[in-house]
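Everything on this sheet refers to the single structure shown next.
The values are calculated or read from the model by the stated rules, or taken from the named source; none is laboratory data. Bear in mind the structure is a predicted one, so any value in this text is a computation, not a measurement. Neighbour counts run over all protein chains shown; Cβ positions are idealised from the backbone, glycine included.
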Amino acid sequence: MMPHSLTRAQLARTIDHTLLKPEAIAEQIDRLCDETLEHSFFAVCVNAMWVERCAARLAKSPKSPDARPLVCSVVGFPLGATTTAAKAAETTEAVRNGACEIDMVIPLGALLGGDAAYVQRDVAGVVEAARNANPDAMVKVILESRALSDSQIIAACGAARAAGAAFVKTSTGFHAAGGATVEHVRLMRANAGGMKVKASGGIRDLATALAMIDAGADRLGLSASVAIVEAASTNR
């Protein structure tokens, strides 16, 4: 048996199948969509230039619209240091092109400098832009948790919650400090309030994926998605 109460299908539905490398080409993006459909992952997560292509490819699936994977796009990625207006403009375009979820990077320097109010305004600007483009669009807020102290993670969760975000997310996967940890997921879960938690960055095997879920992650951002669900299948 798979060493967890989740079934393989349930595990798959926690996964945002992700390809954010700048060198990704169209054929790889198409494969990402096809794998997402084959394994019934929750969403594809791609850079904004690929959103329209993914939305069109997923829409060709014979699955009912309610059962089709969503398109997620990143904003202010990977640094988070663009202006709120720039992030809002990115968000508007991505949602209009078919993204239903936006994973935005916080202004890390503002948080590290103690200006949580700036972080809240920044997130609120993206949330407003997403909702104006599609009232059902959701925003996930990437904290880069490995670059933060526990108190800064708590402050970032509070800012995201006050701004109306749907999720807090551990990492971009591109920061030198590293990706998700079980401890940070647990801390974010304890301070998320009504938000959900997405763990991403460095989750490359089934055991780590399940540990993140056990710690409180509702969603996983993975590039090793196929290998992980196949490992779940062989362990049943």
message: Return the residues of region 121-156 that are over 20 Å from Ala176 (Cβ atoms), assigned to a helix (DSSP H, G or I) and hydrophobic (A, V, I, L, M, F, W, C); say none if nothing qualifies.
response: Val123, Ala124, Val126, Val127, Ala129, Ala130, Ala133, Ile154, Ala155
- line: Checked region 93-120 for anything assigned to a loop (DSSP other than H, G, I, E, B) and surrounded by 24 or more Cβ atoms within 10 Å (Cβ to Cβ); matches are Ala99, Ile106
- line: Counted residues in region 221-236 being more than 16 Å from Arg146 (Cβ to Cβ) and outside any helix (DSSP H, G or I) come to 5
message: Just the residues that are over 17 Å from the mean Cα position of the chain (by Cα), of a type in the set (Val, Ile, Thr) and buried (at least 16 other Cβ atoms within 10 Å of the Cβ), please, taken from region 49-92.
response: Thr82, Thr84, Thr92
statement: Residues in region 53-85 that are under 13 Å from Ile106 (Cβ atoms), in contact (Cβ under 8 Å) with a residue 12 or more places away in the chain and not aromatic (Phe, Trp, Tyr) total 8
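Under the condition of being surrounded by 23 or more Cβ atoms within 10 Å (Cβ to Cβ) and under 17 Å from the mean Cα position of the chain (by Cα), which residue from region 154-167 is nearest to Gly216 (Cα to Cα)? If you could, list the steps in order and put the result at the bottom.
First pass over region 154-167, keeping only residues surrounded by 23 or more Cβ atoms within 10 Å (Cβ to Cβ): 156-157, 159-160, 165.
Retained after the next criterion (residues that are under 17 Å from the mean Cα position of the chain (by Cα)): 156-157, 160, 165.
On the way: Ala156: 17, Cys157: 14, Ala160: 17, Ala165: 17 Å.
The residue in question is Cys157.
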query: Which members of region 162-180 meet the condition of being in a helix (DSSP H, G or I) and without any contact (Cβ under 8 Å) to a residue 24 or more places away in the chain?
result: none
message: Scan region 134-147 and tell me whether some residue there is farther than 18 Å from Leu220 by Cα, among the basic types (Lys, Arg), within 19 Å of the chain's Cα centre (by Cα) and surrounded by fewer than 21 Cβ atoms within 10 Å (Cβ to Cβ).
response: no
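Of the residues in region 181-220, how many are part of a strand (DSSP E or B) and either modelled with pLDDT under 95 or in contact with a Leu (Cβ under 9 Å, 6 or more places away or on another chain) (or both)? Spell out the reasoning first.
Step one: filter region 181-220 for residues part of a strand (DSSP E or B), giving 196-200, 219-220.
Then drop every residue that is not either modelled with pLDDT under 95 or in contact with a Leu (Cβ under 9 Å, 6 or more places away or on another chain) (or both), which leaves 198-200, 220.
Within region 181-220, residues that are part of a strand (DSSP E or B) and either modelled with pLDDT under 95 or in contact with a Leu (Cβ under 9 Å, 6 or more places away or on another chain) (or both) number 4.
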- request: Quick one: Ala215 ticks every box in (1) buried (at least 21 other Cβ atoms within 10 Å of the Cβ); (2) hydrophobic (A, V, I, L, M, F, W, C); (3) touching a strand residue (DSSP E or B) at 6+ places or on another chain (Cβ under 9 Å) except a single one, so which number is it?
  value: (1)
message: Report every pair of residues separated by at least 6 positions or lying on different chains whose Cβ atoms are under 7 Å apart, first residue within region 204-227 and free of Cβ contacts under 8 Å to residues at least 24 places away in the same chain, second crowded, with 21+ Cβ neighbours inside 10 Å.
response: none
